[in-house]
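One structure below.
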Amino acid sequence: MTIATGLWDDRPVPLIELDGVSHAYGERAVLRDLTLRLEEHRIGVVGGNGSGKSTLARLLNGLVLPTAGRVRIDGLDTAHEGHQVRRRVGFVFTDPDAQIVMPTVGEDVAFGLRRLPRAEADRRSREWLERFGLADLCDHPAHLLSGGQKQLLALASVLVTEPDLLVMDEPTTLLDLANARHVAHLVAELPQQVVMVTHQLHLLDGFDRVLVVDDGRIVHDGPPADSLAHYEALVG
Ligand SMILES: Nc1ncnc2c1ncn2[C@@H]1O[C@H](COP(=O)(O)OP(=O)(O)OP(=O)(O)O)[C@@H](O)[C@H]1O
């Protein structure tokens with residue numbers, strides 16, 4: 001099912017459903033019986049180190065599969081329809097080295113567009129490199145970029161594929177203040193649904209809904225001010 005909100009260029013927002021979801025790494029239970037329905041445009045996830053946020057994020061594109069329960073994106077089950085899910089869900093890792101796959105900056109951005117006609121792929125790649133201030137580095141070896149530039153490249157390489165849902169796991173940790181602001185601004189303007197895990201709470205200003213995770217459970221779920229107050233009380 002797809003919810004059309006009438007906002008944000010009328011772009012439909014995928015419905016994310018978690019139904020009795022638990023996850024364990026071996027014997028270690030990390031997420032415990034989560035049932036959630038997420039249909040807002042901007043969803044934040046906060047919580048202490050090791051509380052299960054990254055695992056929750058990775059469930060959304062099938063990178064991690066639940067050990068119990070089901071995760072569905074617009075009705076697509078991540079366990080059985082992972083390929084289709086990943087075509088709709090872009091994922092930005094904390095560590096950009098985990099997702100930079102091509103030798104040069106330009107080739108990396110174009111990688112996700114390799115099935116498009118060349119001219120169209122070139123046009124879209126150029127557009128996103130420019131938005132991220134990377135156009136002058138198009139022929140530069142990707143592995144020689146600074147940490148922050150790599151983080152921008154990783155973001156551009158995902159956004160160029162125009163996913164319906166963008167899941168971001170601490171996407172600004174390596175960025176300086178100017179670039180962190182630039183990314184926050186870009187994210188605010190995106191028509192897509194965004195789920196962002198972050199410790200940088202100001203990035204969640206203007207979000208619709210923020211989940212607070214503690215020890216594998218959602219202990220609070222509400223608008224940013226409410227949830228952040230709850231989180232602060234929790235860490236006390
Ligand atoms: N691949 C893995 N194998 C085994 N244990 C893991 C694995 N990934 C995460 N864990 C464990 O699962 C727990 C939750 O990890 P997760 O990365 O989801 O937490 P987090 O809330 O994102 O933490 P942080 O804020 O520190 O990034 C941690 O105790 C972690 O050590």
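Here are a few things to note about the model shown:
- Filter result for Pro66 (crowded, with 16+ Cβ neighbours inside 10 Å, within 21 Å of Ser22 (Cα to Cα), within 16 Å of the ligand (Cβ to nearest atom) and not aliphatic (A, V, I, L, M)): yes
- For first residues located in region 27-49 and basic (Lys, Arg), partners that are within 13 Å of the ligand (Cβ to nearest atom) and lie 6+ apart or on another chain with Cβ distances below 6 Å form the pairs Arg32/Ser22; Arg32/Gly216; Arg32/Arg217.
- Val105 passes every criterion in (1) crowded, with 17+ Cβ neighbours inside 10 Å; (2) modelled with pLDDT of 95 or more; (3) within 18 Å of the chain's Cα centre (by Cα) apart from (3).
- All positions within region 1-35 that are modelled with pLDDT under 90, surrounded by 10 or more Cβ atoms within 10 Å (Cβ to Cβ) and not aromatic (Phe, Trp, Tyr): Met1, Thr2, Ile3, Thr5, Leu7, Arg11, Pro12, Val13
Okay, residues lined up against (1) out of contact with any helix residue (DSSP H, G or I) (no Cβ under 7 Å at 6 or more places or on another chain); (2) surrounded by fewer than 20 Cβ atoms within 10 Å (Cβ to Cβ); (3) free of Cβ contacts under 8 Å to residues at least 60 places away in the same chain; (4) small (Gly, Ala, Ser):
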residue	(1), (2), (3), (4)
Leu59	yes, no, yes, no
Gly62	no, no, yes, yes
Gly75	yes, yes, no, yes
Arg86	yes, yes, yes, no
Asp136	yes, yes, yes, no
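- Which numbered condition Val13 misses (of (1) away from the ligand (no atom under 16 Å from the Cβ); (2) in contact with a Gly (Cβ under 7 Å, 6 or more places away or on another chain)): (2)
- Filter result for the condition that a residue is away from the ligand (no atom under 16 Å from the Cβ), of a type in the set (Lys, Arg), touching a strand residue (DSSP E or B) at 6+ places or on another chain (Cβ under 9 Å) and in contact (Cβ under 8 Å) with a residue 60 or more places away in the chain, over Arg217, Arg209: Arg209
- Test for Val71: is it more than 16 Å from the ligand (Cβ to nearest atom) and crowded, with 19+ Cβ neighbours inside 10 Å: no
- Among the numbered conditions (1) aliphatic (A, V, I, L, M); (2) modelled with pLDDT of 95 or more; (3) surrounded by 16 or more Cβ atoms within 10 Å (Cβ to Cβ), the only one that Ile100 does not meet is (2).
The values are calculated or read from the model by the stated rules, or taken from the named source; none is laboratory data. Values in this document were obtained by computation on a predicted structure and should not be read as measured data. As a convention, Cβ positions derive from the backbone with ideal geometry for all residues, glycine included, and neighbour counts pool all protein chains shown.
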